[in-house]
Amino acid sequence: MSFEELQGRARWADDDRALTRLEHLLMRYPELAPAETSEIGQRLLATGPLDMGLLSANPAAWAQAERYRADHPHLFRMSLTSRLWLAALALAVVGSIIWLWDVAVP
């Protein structure tokens, strides 16, 4: 199907079927099977910025997505390993700036 043949949201979405599936799951949340509940998390994490914007155009689904995020915050937090790498990077940047400052001053 060509770009000209697509209508509405399908024309802009990265994966319209996945976005539609996510909306249907969100509209039934929290009365879902555990597998479907985890599928929402996987789909929300995999959804790109454009599709997330298209999802936010549906106020009911967006409210349910926010509810899901509030109910499952551990899925959307940065891991401890990522935090440690970020702290190490910040320390390396600060150390490099101090070292360059010290080298540049006569």
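Summary table
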item: Potential extension, His72-Ala104 segment - 0.36 nm per residue separation minus Cα distance; result: 6.6 nm
item: Rounded accessible area of Arg21 (nearest 10 Å², 1.4 Å probe); result: 80 Å²
item: Per residue accessible area of the range 30-70, 1.4 Å probe, in Å²; result: 54 Å²
item: Under the Karplus curve 6.51 cos²θ - 1.76 cosθ + 1.60, θ = phi - 60°, whole-Hz ³J(HN,Hα) for the range 83-89, x wherever Gly or Pro sits; result: 5, 5, 5, 5, 5, 5, 5
item: In order through the range 31-38: 3J(HN,Hα) via Karplus (6.51 cos²θ - 1.76 cosθ + 1.60), integer Hz, x for Gly, Pro; result: 7, 10, 5, x, 5, 5, 5, 5
item: Solvent-accessible area, 1.4 Å probe, carbon plus sulfur percent, for the range 61-106; result: 72 percent
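The values are calculated or read from the model by the stated rules, or taken from the named source; none is laboratory data. Being a predicted model, the structure only gives us computed values, none of them experimental. Note: areas computed on protein heavy atoms with side chains; ligands, DNA, RNA excluded. Shrake-Rupley method; radii C 1.70, N 1.55, O 1.52, S 1.80 Å.
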